[in-house]
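All of the numbers you see were taken from the coordinates with simple rules; none came from a lab. Note that the coordinates shown come from a computational prediction; the quantities given were computed from them, not determined experimentally. As a convention, Cβ positions derive from the backbone with ideal geometry for all residues, glycine included, and neighbour counts pool all protein chains shown.
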Amino acid sequence: MTRKARSWVRRAAVAAAITVCTAISATPADAHAAVSALTIAQPGGTGKYGAGCTYTLSARAANDDPVTFSVRQPTRLANGKLLRFTFDVVPHRHVAIFHWSPVVEGRFVLGARQGDSRWKLRWADVGRRLDLGSSCSGI
């Protein structure tokens, strides 16, 4: 290989290395942080969630960085927006657990996400509480 060819190969290798390093540093730190699944414990009896009952939400996360759970309930604020609460939970072995106890009836939007990833959403219809002894449901 001639001296000119070796010099060209070195320059190409350096340019490739700079491109790779730039691409790596431009990737956000939490690019792989995401919630892959959000599940809500099934309501007993009637198949509807009950106001005053407690249900477990589980979010499977990419890592053990905090997971943000969101609960948007069907209560309107003075400005017309729906009331929303968020809670941060640290997962254990990539699973974050949150206990949700709706206090009003209506359609809730429940969500979970990790970092700035997209929300995983689930909808839950909540009715009046029906205590079934060993379980709690809605009607």
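State whether region 35-127 is rounded, prolate or oblate according to the following rule on the C-alpha gyration tensor (a ≥ b ≥ c being the square roots of its eigenvalues): a/c under 1.5 gives rounded; otherwise a/b larger than b/c gives prolate, and the remaining case gives oblate. Oblate shape, in that a/c is at least 1.5 and b/c is the bigger or equal ratio.
Between residue 36 and residue 99, residue separation times 0.36 nm minus the direct Cα-Cα distance comes to 20.8 nm. Spin-label pair residue 81-residue 107: with each label point 7 Å from Cα along the Cα-Cβ axis, the two points sit 2.0 nm from one another. Panel order for 125, 88, by other beta carbons found within 10 Å of each beta carbon, from fewest to most: 88, 125. Cβ-to-Cβ counts within 10 Å put 94, 99 in ascending order as 99, 94, the fewest first.
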